[in-house]
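Data block below; observations after.
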Amino acid sequence: MTYLTPLRWMDIVMTASTETTDKRSLRRAFVASLSGTTLEYYDFAAYSVAAATLFGKLFFPSGDSLAGTMAAFSTYAVGYLSRPLGGFIFGRLGDKLGRKQVLVFTLLLTGIATFLIGVLPTHAAVGGWAAVLLVGLRFAQGVGVGGEWGGAVLLSSEFGDPKKRGFWASAAQIGPPAGNLLANGVIALLAAVLSTAAFESWGWRVAFLLSGVLVLFGLWLRMKLEETPVFKKIAEQGEAPKAPLKEVFTQEPRALIAGILVRICPDVLYSLFTVFVLTYMTTELGMSRSQGLTAVMIGSAFQLFLMPAAGALSDRVNRRTMYLVGTIAAAIWPFLFFPLAGTRSYLAIAVGMVVALAIHALLYGPQAALITEQFSERLRYTGSSLAYTLAGVVGGAVAPLIFTALLAGYDSWVALAMYVVVTAVATAIGVALSRKAPEENVVGPAETVDVAR
């Protein structure tokens, strides 16, 4: 019989206790990452839906409905154009001060801006100032979201097993469809229970005012978190970067370019099938707003499960090859969807949107892991945030405007589909430039951080 000494028993108990603590911290980090990004993208999606269906009339009145929609989409783009500023500011702070503190600030910024949109006077009340104020608040939303993504990804992935990085990092990726589903659901419910006059007068404001309550919940979760093991180790060794922005541009430019390019096609695809498609269905197909919102909600509901599944799958197969397959599918699907939409069959359109968002999930699920593992640990927040936000400027920011202009100029869906093909080519180039994380870059709570890279 083998007897365990008191010291050995103590070692076993302490090891078990540490593992329990790590698992608890990991679960908290996953939930905080998921809930935080869900709340922020609820704010962002609420604006996107309102811009596609309502804000043109309320803030940019014009005799031409298409012109009003273009103006509303211009403020939608502002939310993307301001993201790099958030990436520059908060990415730098995230690598210098830590992930947790920065994520509290980003959540507050986005939530307050969204709440204030809910109390804005419209053009009928204050004239052109309404549009100015709306653009300013949309800008603030974008700054907050620009600093959120990189930190939220690291929050969950740096607590988790690096061999399962695709799955753990997908927590932040679930946020956009979850937020989109929540925002569409709230707005669809308000539109269903209120008269058109009541909804356009005050009902839409409720969706934005709810942000205040949701932000308090998100803050409560994030304040309870610890800093990630990776950043703790870097801080203990005194290796936090002094000038992370400069170091990313001078030491890791290939990683930055690859990170930017791999995001472009998924961003454009998402804009097409969650934002512009609402305008297409109402103006070109003569369908109701509620039908479009319901179809988006169905597709987003499927994404809640497909994104973590795609992230987990990318841990088992070659992540870059899987991403390339998704990119090819994204380039092909618009050529099949629009003929389906032309039948004006709601069932066909809904199925087509579910497939489109499933393709997006195949890309977006493993995207966080693919981007973050391009960068060294000490520059990971800055590099990931810059890649995410700069890609948004050339991808999601201008996509609704380009789709609207192409439809107006060519009066054909083929031009829209070809635009998606162009972005798919750019993303394929990004995949070719990307690289598998070096061994020293695969870091988890149980491993030693190599900060010499």
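The values are calculated or read from the model by the stated rules, or taken from the named source; none is laboratory data. Computed from a prediction, not measured in an experiment: that's the story for all the values here. Because the Cβ atoms are built from the backbone with ideal geometry, glycine has one as well, and the counts that use them run over all protein chains shown.
Selection within the range 326-349: residues that are free of Cβ contacts under 8 Å to residues at least 12 places away in the same chain and within 28 Å of the chain's Cα centre (by Cα). The member of this set that is surrounded by the fewest Cβ atoms within 10 Å (Cβ to Cβ) is L347. When K246 is tested against (1) surrounded by fewer than 17 Cβ atoms within 10 Å (Cβ to Cβ); (2) part of a helix (DSSP H, G or I); (3) touching a residue at least 24 places away in the same chain (Cβ under 8 Å); (4) not acidic (D, E), only condition (3) is not met. Between R263, R289, the distinction of being in contact (Cβ under 8 Å) with a residue 24 or more places away in the chain, in contact with a Ser or Thr (Cβ under 6 Å, 6 or more places away or on another chain), under 30 Å from S412 (Cα atoms) and not aliphatic (A, V, I, L, M) belongs to R289 only. Picking from residues in the range 398-427 that are over 20 Å from the mean Cα position of the chain (by Cα) and of a type in the set (G, A, S), the one that is surrounded by the fewest Cβ atoms within 10 Å (Cβ to Cβ) is G409. Which pairs have Cβ atoms under 7 Å, sit 6 or more apart or on different chains, and link a residue in the range 414-428 that is in contact (Cβ under 8 Å) with a residue 60 or more places away in the chain to one that is of a type in the set (S, T, N, Q) and crowded, with 17+ Cβ neighbours inside 10 Å? Once the first residue is in contact (Cβ under 8 Å) with a residue 60 or more places away in the chain and sits in the range 414-428, its partners that are of a type in the set (S, T, N, Q) and crowded, with 17+ Cβ neighbours inside 10 Å give A424/T327; T427/T327; A428/T327. Only residues that are of a type outside the set (A, V, I, L, M, F, W, C) and buried (at least 24 other Cβ atoms within 10 Å of the Cβ) were counted in the range 180-202, giving 2.
Does the range 359-382 contain at least one residue that is of a type in the set (D, E), at pLDDT below 90, farther than 30 Å from F139 by Cβ and within 18 Å of the chain's Cα centre (by Cα)? Yes - at least one qualifying residue is present in the range 359-382. Annotation note: Cβ proximity below 8 Å between a residue of the range 351-375 that is closer than 21 Å to W333 by Cβ and a residue that is of a type in the set (D, E) (sequence gap 6+ or interchain) occurs for no pair. Residues in the range 256-314 that are under 24 Å from A341 (Cα atoms) and aromatic (F, W, Y): Y270, F273, F276, Y280, F302.
For the range 227-243, a residue qualifies if it is exposed (fewer than 15 other Cβ atoms within 10 Å of the Cβ) and of a type in the set (D, E), and the qualifying residues are E236, E239.
Applying the selection to the range 184-212, what residues are small (G, A, S) and either closer than 23 Å to L108 by Cβ or over 28 Å from the mean Cα position of the chain (by Cα) (or both)?
Step one: list which residues in the range 184-212 are small (G, A, S), which gives 185, 188, 191-192, 195, 197-198, 201, 203, 207, 211-212.
Correct list: S195, A197, A198, S201, A207, S211, G212.
Being touching a residue at least 40 places away in the same chain (Cβ under 8 Å), over 20 Å from A45 (Cα atoms) and in contact with an Asp or Glu (Cβ under 6 Å, 6 or more places away or on another chain) holds for only one residue in P162, P241, and it is P241. Scanning the range 89-145 for residues that are modelled with pLDDT of 85 or more and not in a helix (DSSP H, G or I), we see that the one that is nearest to Y381 (Cα to Cα) is G118. Consider the range 49-64 and keep the residues that are modelled with pLDDT under 75 and farther than 22 Å from G286 by Cβ. The one that is surrounded by the most Cβ atoms within 10 Å (Cβ to Cβ) is F60. Say we look at the range 428-441 and pick out the residues that are assigned to a loop (DSSP other than H, G, I, E, B) and surrounded by fewer than 16 Cβ atoms within 10 Å (Cβ to Cβ); which of these is modelled with the lowest pLDDT? Here the answer is P438.
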